[in-house]
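Q: I'd like to ask some things about the structure below.
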Amino acid sequence: MKSKRHKRKNSHVVLITSDAVDAGLAQFRIRPWILQTIIVVFCVLIGAVIGYAFYETDDRINQAALDASEILQLESQNMELSERNATLESQVSAQEEKIQILSDTVNQKVQNEMELSERLEKQSNPTEFPLNGSATMEEVTEGDPMCVFTASSGTMVVATANGTVTAVTDDPEFGHNVWVDHGNGYVTIYRNQGEVRVKQGEAVTQGTTIFLIEDENNKLGYQMMKDGNYIDPMDMLMISG
């Protein structure tokens, strides 16, 4: 008959003491599986802490690398924007220069047109002397105002302003009449016995010859009208000397 063997139960004893002189000794018995569990749990905790530390370190490294990449990308974008801005500023400067040139051109053109208009207006006002040489003058006060000039042979009767010859007629006293419309309300009338050098419908400019003074036709009757009414030619004539 076989004898029964009892299974031995192993246990671990934990001793706790102190450095004190009178300190006692405490002991605890711990089952092996409890100690193993504690060790496993402790190892798991240590592993978790180490893993977490590595994870945090790796995450920080990755985040730092990501931040560095973003910084480089932002710097690249900033450089690109700076280059674009410089290009735009150059284009704007070029456009401003073109605008200034156009503005100067327009201003110059306006000024030229104004000067031309003033010159044409001046040339259309019958203010010049109707002879290209010296002469004596007397004013006729009876009837329509008139200036009668007596000039030497070879002197030319000239248009006092730009205009158009509207009529060439006979005159019982002076021989011929030449009417010039200056297009601004002024009409000048030249009366002389000489040969008429212009014809009806002809455009004349200031200084155009109308008659040639000779010994037999040395007198010129000069009249002026404004808006259909006779006026004193002396009010318009600029006589020097």
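Q: Kindly provide the set of residues from region 128-151 that are within 20 Å of Tyr186 (Cα to Cα), touching a Leu at 6+ places or on another chain (Cβ under 9 Å) and among the aliphatic types (A, V, I, L, M), ordered by number.
A: Leu131, Val148, listed by residue number.
Q: Something else: Consider region 193-219. How many of its residues are among the aliphatic types (A, V, I, L, M), under 15 Å from Asn162 (Cα atoms) and assigned to a strand (DSSP E or B)?
A: Matching residues across region 193-219 total 3.
Q: Among the residues of region 223-232, write down those that are assigned to a strand (DSSP E or B) and touching a residue at least 60 places away in the same chain (Cβ under 8 Å).
A: Gln223, Met224, Tyr230, Ile231
Q: Continuing with this model, one more query. Being of a type in the set (Val, Ile, Thr) and either free of Cβ contacts under 8 Å to residues at least 40 places away in the same chain or in a helix (DSSP H, G or I) (or both): is that true of Thr160 here?
A: No, not satisfied.
Residue-wise test of (1) farther than 30 Å from Glu118 by Cβ; (2) assigned to a loop (DSSP other than H, G, I, E, B).
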residue: Thr166; (1), (2): no, no
residue: His176; (1), (2): yes, no
residue: Thr188; (1), (2): no, no
residue: Gly221; (1), (2): yes, no
residue: Met238; (1), (2): no, yes
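Q: Hey, among Val168, Val187, which residue is aliphatic (A, V, I, L, M) and over 24 Å from Lys122 (Cα atoms)?
A: Among Val168, Val187, only Val168 is aliphatic (A, V, I, L, M) and over 24 Å from Lys122 (Cα atoms).
Q: Go through region 135-149 and count every residue that is more than 12 Å from Leu220 (Cα to Cα) and either buried (at least 17 other Cβ atoms within 10 Å of the Cβ) or not assigned by TED's automatic domain parsing to the domain that holds Thr160 (or both).
A: 1
Q: Any residue at all in region 142-150 that is outside any helix (DSSP H, G or I) and free of Cβ contacts under 8 Å to residues at least 60 places away in the same chain?
A: Yes, that holds for at least one residue.
Q: Give the residue that is surrounded by the fewest Cβ atoms within 10 Å (Cβ to Cβ), with candidates limited to residues of region 162-178 that are closer than 17 Å to Tyr230 by Cβ and out of contact with any Asp or Glu (no Cβ under 6 Å at 6 or more places or on another chain).
A: Ranking the candidates gives Glu173 first.
Q: Tell me yes or no: at least one residue of region 207-218 is among the hydrophobic types (A, V, I, L, M, F, W, C), within 53 Å of the chain's Cα centre (by Cα) and either at pLDDT below 95 or more than 15 Å from Thr136 (Cα to Cα) (or both).
A: yes
The values are calculated or read from the model by the stated rules, or taken from the named source; none is laboratory data. Computed from a predicted structure; not experimentally measured. So basically every Cβ, Gly included, is an ideal-geometry build from the backbone, and we count neighbours across all protein chains shown.
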